[in-house]
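K.L.:
Dropping a structure here in structure tokens format, bear with me for questions.
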Amino acid sequence: MNNFRNIDDIQHVLPIYFRVWWLDMVYGKGMWQYITETDADGFIVGILPYSIKQKLFFRLITMSPETSYGGPYLIKNKERKTNSQISYENNVLESILKKIPNVDFVYFQCNSNLISYLPFLWQKYVINISYTYRIDLCSDIEVIQNQMKGSTRTDIKRCQNEDLITQQSKDVPSFIEFLKSSFTEKSKGIPYKLEQLAKIITETINQECGFILYCKNREYEIVAGIFVMFDKD
């Protein structure tokens, strides 16, 4: 069981979007807060980071454009029996939602940590359901590839036959230029604020939570690139 009383001690178990350094970066220091929920022993069992912004006459709680998911995050007790887990988490989540300040509008895109969304309904939220795919990287590579569609496996084999290589990099300016040129060559608008993106990539690499990965051909020319973030999972 994770027993944490202090918000600083819990940082390493949180997804990136819930960590102090990320929230400082996307909202600004002093521009956001945590709502925390503790159990009877004073251990943290749930948190919710939020930032209030003013738009005309309205006070809003929304997510930053760079953040894929937010909302409440629960610290799981793996020792708890399944038959009591849902009711327990409902109580924790309901308590967190009741602590949200009085504003005109609240929007969260929650992550898959939650197993029940009933407390949102109890608090009169509107819920829209969407799905994301998660790949179990603990499986053998053959098992993972067998779950892919045939055209994806064909693409992988073709790249292997063409002797393409992958190489990690920490050169953020070069990656930003490569990204920029990729959209320019396709006559597409760049969907990012490049200065903010460079800041995010640099800080994530400094936090040892990300890396740049290039794919190069036999002449060592970059043919593809990606920035990857990761957490404890």
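K.L.:
If one computes the Cα centroid of the stretch 176-213 and of the stretch 28-105, what distance in Å separates the two points?
P.N.:
The stretch 176-213 and the stretch 28-105 have Cα centres spaced 30 Å from each other.
K.L.:
Any idea which of 92, 137, 204 is furthest toward the positive side of the dipole for the chain, if Lys and Arg beta-carbons carry +1 and Asp and Glu beta-carbons -1?
P.N.:
The residue sitting farthest along the positive end of the dipole is 92.
K.L.:
Further question: Karplus couplings for the stretch 205-220 from phi (6.51 cos²θ - 1.76 cosθ + 1.60, θ = phi - 60°), rounded to Hz, Gly and Pro as x?
P.N.:
Listing the rounded values in order: 5, 4, 7, 6, 10, x, 7, 9, 10, 10, 10, 10, 8, 5, 8, 6 Hz.
K.L.:
Please list, in chain and number order, the residues 5+ apart from residue 35 or on another chain whose amide H is under 5 Å from its amide H, with Hs placed from the backbone.
P.N.:
48, 50
K.L.:
Using the C-alpha gyration tensor of the stretch 79-175, what are the square roots of 5 times its eigenvalues, in whole angstrom, with the largest one first?
P.N.:
Values: eigenvalues 343, 87, 39 Å².
Equivalent ellipsoid semi-axes, largest first: 41, 21, 14 Å.
K.L.:
Rank 83, 10, 150 by how far each Cα sits towards the positive end of the charge dipole of the chain (+1 on Lys, Arg Cβ; -1 on Asp, Glu Cβ) and give me just the farthest.
P.N.:
The one lying farthest along the dipole's positive direction is 83.
K.L.:
Label-point separation (nm) for residue 41 and residue 199, each offset 7 Å from Cα along Cα-to-Cβ?
P.N.:
Each label point lies 7 Å from its Cα, and together they span 4.1 nm.
K.L.:
On to the next question. Report the per residue volume, in Å³, of the convex hull enclosing the C-alpha atoms of the stretch 134-233.
P.N.:
Details: hull volume 14.0 nm³, N = 100.
In the stretch 134-233, the Cα convex hull volume per residue is 140 Å³.
K.L.:
Here's something else I'd like to know. Take the solvent-accessible surface of the protein heavy atoms, probe 1.4 Å, and return the percent of it on the chain that carbon and sulfur atoms account for.
P.N.:
Answer for the chain: carbon and sulfur cover 51 percent of the accessible area.
K.L.:
If you don't mind, another one. Compute, for the chain, the length of the dipole vector about the Cα centre, with Cβ point charges of +1 (Lys, Arg) and -1 (Asp, Glu) only. Units Debye, rounded to 20. Can you show the working numbers first?
P.N.:
Numbers: 27 positive and 27 negative charges, 144 e Å.
Roughly 700 debye, rounded to the nearest 20.
K.L.:
For residue 148 and residue 88 in one chain, what is 0.36 nm times their gap in residues minus the Cα-Cα distance, to one decimal in nm?
P.N.:
Gain in length upon complete extension: 18.0 nm.
K.L.:
Mean residue ellipticity at 222 nm from the helices of the chain, using -39,500 (n - 2.57) per DSSP H segment of n ≥ 4 over the full residue count, to the nearest 500 deg cm²/dmol?
P.N.:
Numbers: 7 runs with 75 residues, N = 233.
That calculation yields -9500 deg cm²/dmol at 222 nm.
K.L.:
Now for a different question. Counting GluC sites (Glu not before Pro) as exposed when in a DSSP loop with at most 14 other beta carbons within 10 Å, what is the longest stretch of the chain free of them?
P.N.:
Counting only loop sites that pass the neighbour cut-off, the longest clear stretch is 80-161.
K.L.:
Keeping all protein chains in place, calculate the accessible area per residue for the chain (probe 1.4 angstrom), answer in Å².
P.N.:
Averaged over the residues of the chain, the accessible area is 67 Å².
K.L.:
To continue, here is another question. Using r as the Cβ-Cβ distance of residue 170 and residue 100, and R0 as 41 Å, what FRET efficiency do you calculate, to the nearest 0.05?
P.N.:
Plugging the Cβ-Cβ distance into 1/(1 + (r/R0)^6) gives 0.60.
K.L.:
If you take every DSSP beta bridge fully contained in the stretch 43-181, what fraction is antiparallel? Give it as a percent rounded to 5.
P.N.:
65 percent
K.L.:
Find the relative contact order for the chain and round it to a whole percent, using C-alpha pairs within less than 8 Å whose residues are 6+ positions apart.
P.N.:
Computed over the chain, the figure is 15 percent.
K.L.:
Could you work out how much longer the chain between residue 177 and residue 217 gets when fully extended? Use 0.36 nm per residue separation minus the Cα distance between them, nm to one decimal.
P.N.:
Fully extending the segment from residue 177 to residue 217 adds 12.5 nm.
K.L.:
A further question on this structure: Counting Lys and Arg as +1 and Asp and Glu as -1, what is the net charge of the other residues whose Cβ lies under 9 Å from the Cβ of residue 15?
P.N.:
Taking every other residue near residue 15 into account, the sum is 0.
K.L.:
Another question, then. So what is Rg over Rh here for the chain, counting just Cα atoms and using Kirkwood for Rh?
P.N.:
1.01
The values are calculated or read from the model by the stated rules, or taken from the named source; none is laboratory data. Since the model is a prediction, treat every value here as computed from it, not as a measurement. FYI the Cβ positions are ideal-geometry reconstructions off the backbone, even for glycines, and counts take in every protein chain you see. Heads up: the accessible areas ignore ligands, DNA and RNA and are worked out on the full protein's heavy atoms, side chains in. Shrake-Rupley method; radii C 1.70, N 1.55, O 1.52, S 1.80 Å.
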